[in-house]
Amino acid sequence: MFSNLSAGALGLSLDHPTAVDLAVKHGFGGVDPDLAHFASLGGDAAIAEHAAAVREKGLAWGIAGLPVPLDGPAEAFRTALVELPATLALARAAGVDRMGTWVRPMHEDLDHRQNWRLHLSRLSIVAELLADAGIRLGLEYIGPKTFWSTERFPFIHGIREARELIAESGASNVGLILDSYHWYTAGESADDLAGLTDADIVSVDINDARSDRERDEQQDLDRRLPYATGVIDLEGFADAIAAAGYTGPVKVEPFMKELAEKPVDDVLADVSERIGRFTV
């Protein structure tokens, strides 16, 4: 596995060239791809040249966001599907091989079975398009009870059901985005990660939780930097990820607005050291 700079996940407004330079400066092993920047480069040859330059700096690509709403209105889903091939062409030209999205863990109108069928049908379509482009899709389940309990019908919010959905889709290029925060808030342990392999994991996020809240009181958008509080067993999480033979990116996504108010170099030096503790 390698440390990955995801400026957006840290709440930092960095353009892509700056993010690449800072990733090198602070010892990250990868950086998230910026498909909008790729589109501005003027064609596949220029994109490939840029990607080669990034690799020469010692960086791998992290994960790009999937621009398709798996649970969105039908018209929004259809429109996104029409636009997806152009996005995948950019990713393929750059050698990006991972995209990810999160599964909304509740619905006001669709019950669990209806929502399952919706996700399964859409996931199968999207996964096939990504597979043709040589891209793996990561699904992130969302664990906090304070989120999934806010609408009438709870949906997937733990690893077991997420894996069941992936297995039922039959798609070999779909896996998990594992976030220590969701793993913790879902009440899971290292045992729930046993048996996973590198093929099952597309990306990994590490975060800690507030120490003044019980597990079921934790808020999705109010987290802490990894190892800040010790609430989450990051050592156990790291051991399980390593046992899976995971080789992909590891990033931090704490949703802490105050990070944007600090000097960028200070933030990245700190984050790089924290991820280094996890990936060692």
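The values are calculated or read from the model by the stated rules, or taken from the named source; none is laboratory data. Being a predicted model, the structure only gives us computed values, none of them experimental. When we count neighbours, we look across all protein chains shown, and the Cβ atoms used for this are built from the backbone with ideal geometry, even at glycine.
So, GLY134, is that one part of a loop (DSSP other than H, G, I, E, B) and modelled with pLDDT of 95 or more or not?
Yes; evaluated as a whole, the condition is true for this residue.
Quick one: VAL96 ticks every box in (1) touching a residue at least 60 places away in the same chain (Cβ under 8 Å); (2) touching an Asp or Glu at 6+ places or on another chain (Cβ under 7 Å) bar one, so which box is it?
Result: VAL96 fails condition (2) only.
Out of curiosity, is HIS112 in contact with a strand residue (DSSP E or B) (Cβ under 9 Å, 6 or more places away or on another chain), more than 23 Å from PHE2 (Cα to Cα), exposed (fewer than 15 other Cβ atoms within 10 Å of the Cβ) and not β-branched (Val, Ile, Thr)?
yes
Buried (at least 18 other Cβ atoms within 10 Å of the Cβ), β-branched (Val, Ile, Thr) and under 22 Å from ILE177 (Cβ atoms): is that true of VAL280 in this structure?
Criteria not met by VAL280.
Can you confirm whether the range 82-102 contains a residue that is over 19 Å from ASN4 (Cβ atoms), buried (at least 18 other Cβ atoms within 10 Å of the Cβ), in contact with a strand residue (DSSP E or B) (Cβ under 6 Å, 6 or more places away or on another chain) and among the polar types (S, T, N, Q)?
Looking for residues that are over 19 Å from ASN4 (Cβ atoms), buried (at least 18 other Cβ atoms within 10 Å of the Cβ), in contact with a strand residue (DSSP E or B) (Cβ under 6 Å, 6 or more places away or on another chain) and among the polar types (S, T, N, Q), one finds none in the range 82-102, hence no.
If I filter the range 23-52 down to residues being of a type in the set (A, V, I, L, M, F, W, C) and in contact with a strand residue (DSSP E or B) (Cβ under 7 Å, 6 or more places away or on another chain), which single residue comes out as surrounded by the fewest Cβ atoms within 10 Å (Cβ to Cβ)?
Taking the candidates together, the pick is LEU35.
Does any residue of the range 53-68 turn out to be touching a residue at least 40 places away in the same chain (Cβ under 8 Å), crowded, with 21+ Cβ neighbours inside 10 Å, β-branched (Val, Ile, Thr) and closer than 21 Å to VAL126 by Cβ?
Looking for residues that are touching a residue at least 40 places away in the same chain (Cβ under 8 Å), crowded, with 21+ Cβ neighbours inside 10 Å, β-branched (Val, Ile, Thr) and closer than 21 Å to VAL126 by Cβ, one finds at least one in the range 53-68, hence yes.
Look through ALA186, ALA228 and report the one residue that is within 18 Å of LYS257 (Cβ to Cβ), surrounded by 16 or more Cβ atoms within 10 Å (Cβ to Cβ) and among the small types (Gly, Ala, Ser).
On the way: ALA186 fails: within 18 Å of LYS257 (Cβ to Cβ).
None of the others qualify; the one that does is ALA228.
With (1) in contact (Cβ under 8 Å) with a residue 24 or more places away in the chain; (2) closer than 20 Å to ILE177 by Cα as the list, and ASP270 as the residue in question, which single condition is left unmet?
In the conditions (1) in contact (Cβ under 8 Å) with a residue 24 or more places away in the chain; (2) closer than 20 Å to ILE177 by Cα, ASP270 misses (2) alone.
For the range 21-113, which helices (runs of 4 or more DSSP H) that fit wholly inside it have 1 or more residues that are among the basic types (Lys, Arg), under 29 Å from GLU161 (Cα atoms) and over 19 Å from the mean Cα position of the chain (by Cα)? Break it down into steps so the answer makes sense when it comes.
Working: elements: 35-39, 44-56, 74-94.
Ranges flagged: 74-94.
Restricting to the range 154-200, give me the number of residues that are in a strand (DSSP E or B) and touching a Gly at 6+ places or on another chain (Cβ under 7 Å).
Looking only at that region, the number is 3.
Looking only at the range 239-253, which residues are surrounded by 24 or more Cβ atoms within 10 Å (Cβ to Cβ) and either in a helix (DSSP H, G or I) or of a type in the set (A, V, I, L, M, F, W, C) (or both)?
Hits for the range 239-253 are ILE241, VAL250, VAL252.
Say whether the condition of being in contact with a Lys or Arg (Cβ under 6 Å, 6 or more places away or on another chain), without any contact (Cβ under 8 Å) to a residue 60 or more places away in the chain, more than 20 Å from THR279 (Cα to Cα) and surrounded by 19 or more Cβ atoms within 10 Å (Cβ to Cβ) is met by at least one residue in the range 10-20.
There is no residue in the range 10-20 that is in contact with a Lys or Arg (Cβ under 6 Å, 6 or more places away or on another chain), without any contact (Cβ under 8 Å) to a residue 60 or more places away in the chain, more than 20 Å from THR279 (Cα to Cα) and surrounded by 19 or more Cβ atoms within 10 Å (Cβ to Cβ).
Just checking, does the range 256-276 include any residue being β-branched (Val, Ile, Thr), part of a helix (DSSP H, G or I) and either modelled with pLDDT under 95 or more than 19 Å from the chain's Cα centre (by Cα) (or both)?
Yes - at least one qualifying residue is present in the range 256-276.
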